[in-house]
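The values are calculated or read from the model by the stated rules, or taken from the named source; none is laboratory data. Since the structure is predicted, the reported quantities are computational estimates derived from the model, not experimental observations. Neighbour counts run over all protein chains shown; Cβ positions are idealised from the backbone, glycine included. Just the protein is used for accessible areas: all its heavy atoms, side chains included, with ligands, DNA and RNA removed. Shrake-Rupley method; radii C 1.70, N 1.55, O 1.52, S 1.80 Å.
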Amino acid sequence: MNKQAIVLLFTFFSVLLSQAQLKSPEEFLGYKIGTHYTPHWKIVSYFQYVANTLPTTVKLQQYGETNEGRPLLVTFIGTAEHIADLESIRANNIRLANQAMDKMAAIEEGTPIIVWLSYNVHGNETSSSEASMLTLYDVANPANAKTKEWLKNTIVVIDPCINPDGRDRYVNWFNSIVGKQYNPRLDAREHREPWPGGRTNHYNFDLNRDWAWQTQVESQQRLKLYNQWLPQVHVDFHEQGINNPYYFAPAAQPYNEVITQWQRDFQVTIGKNNAKYFDSNGWLYFTKEVFDLFYPSYGDSYPIFNGGIGMTYEQGGGGAGGLGVYKEEGDTLTLVDRAMHHYTTGMSTIEVSSMNAARLIKEFHHFFNNAVANGYGEYKSYVIKNNPQDAERISSLLELLDKNGIQYSAGSGAGRGYNYATGKEEAFSVSPGDIVISSIQPRSVMVKVLFEPRTKLVDSSTYDITAWSLPYAYGLTAYASKEKVATGLFSRATDPVNAGTDTYGYVIRWQGVQTAKAVGELLQKGIVLRFADAPFEVSSQQFDRGSVIVLKASNNAFTGSLWNVVTKICNDNKVKLNAVTSGFVDKGYDFGSEHVHVLRAPKVALLTGEGVGSNAAGEVWHFFEKQINYPLTLINANDIGRADWKNIDVLIMPDGNYRFLNDKDATESLKDWVQKGGRIIAMEGGVSQLAKLDWINAKLKKEEDTSDKKDKDPYSLLKHFDNRERDGISNTTPGSIYKVELDNTHPLAFGYPSWYYTLKMDNNIYEFLKDNAWNVGVLKKDNQVAGFVGIKLKEKLKDGMLFGIQYAGRGSVTFLADNLLFRNFWQNGKLMFCNAVFLCGR
């Protein structure tokens with residue numbers, strides 16, 4: 001027997017052996033996929049099993065860990081040659097994306113495409129993780145002739161569960177309450193998951209809105225890996241309402257204008273391939289509706305803005321589906337069906353991508369070549385002025401740019417461009433330390449999408465917010481120029497190193513979240529602090545309102561080395577200490593004045609649980625635990641009658657529907673607590689809920705009554721049925737930016753200029769406060785900056801209060817009608833929230 005025959009015989013028996021060894025998910029788990037819910041550890045076990053069984057063609061990589069300690073992993077599936085050469089393939093793919101500005105990089109023959117499948121970003125949309133095991137088995141199975149052919153030019157990456165904490169929250173709950181047989185009746189308890197549901201991660205964040213912002217640990221770890229690969233195709237598997245047919249690409253309008261014709265066309269190609277299999281099975285589906293490609297932080301739009309083909313696939317059944325549920329049409333939707341549908345589109349996507357591999361590589365390379373040669377968009381440069389008072393927010397912005405692979409430089413010279421603050425074309429100078437983000441770079445599309453002042457909208461019916469421009473979200477002075485601004489090497493400012501020498505005292509400028517975190521930590525150590533409610537000058541230094549003062553004489557009772565503790569905390573938080581040698585100021589009020597207030601460590605509680613918006617509560621919870629490291633007590637809103645009011649100084653009421661406010665005894669107890677010195681911070685819907693109480697000054701503005709106007713249109717009630725889905729749009733805003741005028745002499749607005757850019761998510765605006773109250777943030781006429789606002793709502797959103805405070809007895813109620821912590825990426829709102837917590841006492 002010759003050598004070639006021996007090799008062929010060995011290969012043949014190796015395939016037979018691996019085929020015999022590789023178990024299907026049903027064989028491994030002991031049940032058919034979809035007849036039971038599989039907890040995350042068992043999904044991980046199956047992926048580990050396949051990788052161990054087929055080590056030459058399957059590679060498992062753990063890329064991170066969730067807040068609750070569950071592993072995050074991806075699996076690479078390819079030919080033995082490709083898996084052995086995986087790192088070189090990754091490096092070559094990044095080279096084709098010109099990440100080193102190498103626009104002359106050539107396409108190597110045989111370059112494989114990367115198809116990345118992401119499952120279960122919403123934890124209670126559970127069928128996709130079940131489907132991931134079916135997909136893994138069929139793609140990796142050596143006996144599958146079809147997939148072996150696909151893998152010759154394709155590497156498949158499977159992330160079986162982006163959100164294990166949320167998924168296990170749902171699965172563990174469901175498995176604990178389901179009976180011997182599932183009950184398909186929609187009123188059965190197994191179709192009514194308890195608050196907060198499994199959709200979100202540990203901190204109640206929606207991970208599918210976090211791709212660009214990367215505020216959550218799961219996103220940060222996943223996107224670090226994703227951006228090291230930049231796949232040509234990415235699918236994000238979801239679920240929707242139980243009565244909806246399956247949705248797959250092409251997406252609905254509006255498309256962001258940067259999406260190329262090829263990206264649009266190939267979505268159609270993929271959609272037709274999916275439709276072929278659904279038609280053959282008699283399964284219903286829809287395309288080109290509901291799910292658009294506009295907001296940049298989704299699992300479909302983010303991959304598109306980074307050169308790939310990004311798609312959302314939506315199966316009916318999320319949340320309420322259970323193992324089986326009756327649909328309105330009388331049919332029963334089972335988890336078996338749901339998993340099979342997702343399996344089918346996953347396999348179809350791999351197939352059609354493999355069939356078009358050469359074109360996918362070519363267009364991917366062209367996308368990035370155009371980025372480094374010409375750039376995308378009308379603006380060539382975005383300039384961020386490096387104002388000292390903005391240092392903390394600028395640092396946060398640069399961290400975001402680094403996470404997204406966006407390059408930036410130092411600027412010089414002068415230019416002309418769009419002033420974000422005035423909305424006009426103006427001349428500007430570029431000073432040392434100013435930051436320039438050029439649109440001519442590999443991530444040019446991301447630069448345009450994140451920085452352009454006003455994103456063009458071709459359809460006002462959108463699935464998410466319509467404005468997010470980073471200079472507004474971060475509250476920075478910025479210009480967008482159609483000219484190339486001269487650039488040079490950028491050097492980050494060095495972190496302050498405080499020596500902590502013995503002195504009369506130190507002053508900390510109140511400038512951002514890191515300052516608030518440092519102050520919170522000092523208060524927790526028992527260090528006595530003060531803050532000034534007016535500007536002052538001392539020791540040849542100028543300080544603004546809100547500046548925090550640490551005095552040696554006020555901390556005689558502190559045990560230990562005062563300045564060592566203060567210095568360490570401030571150094572750890574990159575906060576500068578400014579030494580002062582006397583409390584006798586040159587301008588302003590001396591440190592013993594009544595204008596210098598003792599800053600006490602508040603005991604803070606957050607209302608949560610049933611009736612409270614889980615995302616809204618999660619944003620506050622995450623902010624306290626992960627950003628300012630300050631103690632927070634979570635109290636279920638339905639248990640407020642058992643609250644220990646003596647140990648609560650500040651009560652935060654996030655967006656929600658509070659039933660206890662309908663109870664007279666409960667509201668009287670709340671009022672009594674405020675009168676005795678308690679402080680409420682009401683946010684979004686929490687404000688409108690409180691506004692119904694007779695002792696609260698904030699009242700919603702009513703729409704102008706035009707019923708008695710002579711020129712009222714007698715045909716206004718006549719509407720076209722075909723416009724029924726759009727009739728309400730004129731009274732809404734899905735998320736737009738407004739310029740709010742601030743009274744920055746009030747503690748609620750310390751650290752701000754005389755304006756603030758708010759993200760308006762609803763139609764609520766309040767009458768100006770009266771009687772022992774302050775209107776700190778107000779909307780006046782013509783203050784819309786960006787995003788879509790319905791024509792009727794535009795008339796309402798003016799001449800009203802959005803941020804204010806009412807004093808009652810020794811306490812207060814702070815009204816934050818808009819979300820200052822939106823998805824944790826609206827950086828400019830965070831300091832105002834800290835003001836409400838720490839500075840707005842009586």
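Laid out as a table, the results:
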{"item": "Full-stretch length increase - D279, D459 - with 0.36 nm per residue and alpha-carbon distance subtracted", "result": "61.8 nm"}
{"item": "Between region 120-175 and region 245-261, the Cα center-to-center distance that results, in Å", "result": "24 Å"}
{"item": "Global geometry of the chain, whether rounded, prolate or oblate, following the gyration tensor of its Cα atoms and the 1.5 cut on a/c", "result": "prolate"}
{"item": "Region 336-410 shape via C-alpha gyration tensor axes, a/c threshold 1.5", "result": "oblate"}
{"item": "Computed FRET value (nearest 0.05) for E399 with S730, which takes r as the C-beta separation and R₀ as 25 Å", "result": "0.05"}
{"item": "Virtual spin-label span in nm between K626 and Y589, 7 Å along Cα→Cβ", "result": "3.8 nm"}
{"item": "Over the chain: helical MRE at 222 nm, DSSP H runs n ≥ 4 each giving -39500 (n - 2.57), nearest 500", "result": "-9000 deg cm²/dmol"}
{"item": "FRET efficiency for I177 and R359, using Cβ-Cβ distance with R0 set to 60 Å, rounded to 0.05", "result": "0.75"}
{"item": "Shape category assigned to region 370-419 from the gyration tensor of Cα positions, a/c cut at 1.5", "result": "oblate"}
{"item": "Percent accessible area from carbon and sulfur atoms, the chain, protein chains only, probe 1.4 Å", "result": "49 percent"}
{"item": "Additional length obtainable on full extension of the chain from N636 to R600, 0.36 nm per residue less Cα span", "result": "10.4 nm"}
{"item": "Inter-probe distance in nm under a simple model that places probes 7 Å from Cα toward Cβ, at K288 and K794", "result": "2.9 nm"}
{"item": "Pair W645, E149: separation of 7 Å Cα→Cβ label points (nm)", "result": "7.5 nm"}
{"item": "L86-D782 FRET efficiency (beta carbon distance; Förster radius 56 Å; 0.05 resolution)", "result": "0.50"}
{"item": "Debye, to nearest 20: dipole size of the chain, +1 on Lys, Arg Cβ, -1 on Asp, Glu Cβ", "result": "900 debye"}
{"item": "Which listed pairs, of K288/K760; K568/K830; K576/K603; K456/K517; K152/K224, have C-alpha distances above 31 Å, in listed order", "result": "K456/K517"}
{"item": "Accessible area of region 466-559 divided out per residue, in Å², using a probe of 1.4 angstrom", "result": "42 Å²"}
{"item": "Loop sites in region 326-386: GluC sites (Glu not before Pro), DSSP, at most 16 other Cβ within 10 Å", "result": "E328, E329, E378"}
{"item": "Zone residues, region 509-523, relative to K568, backbone N less than 16 Å from point 7 Å out along Cα-to-Cβ", "result": "518-519, 521-523"}
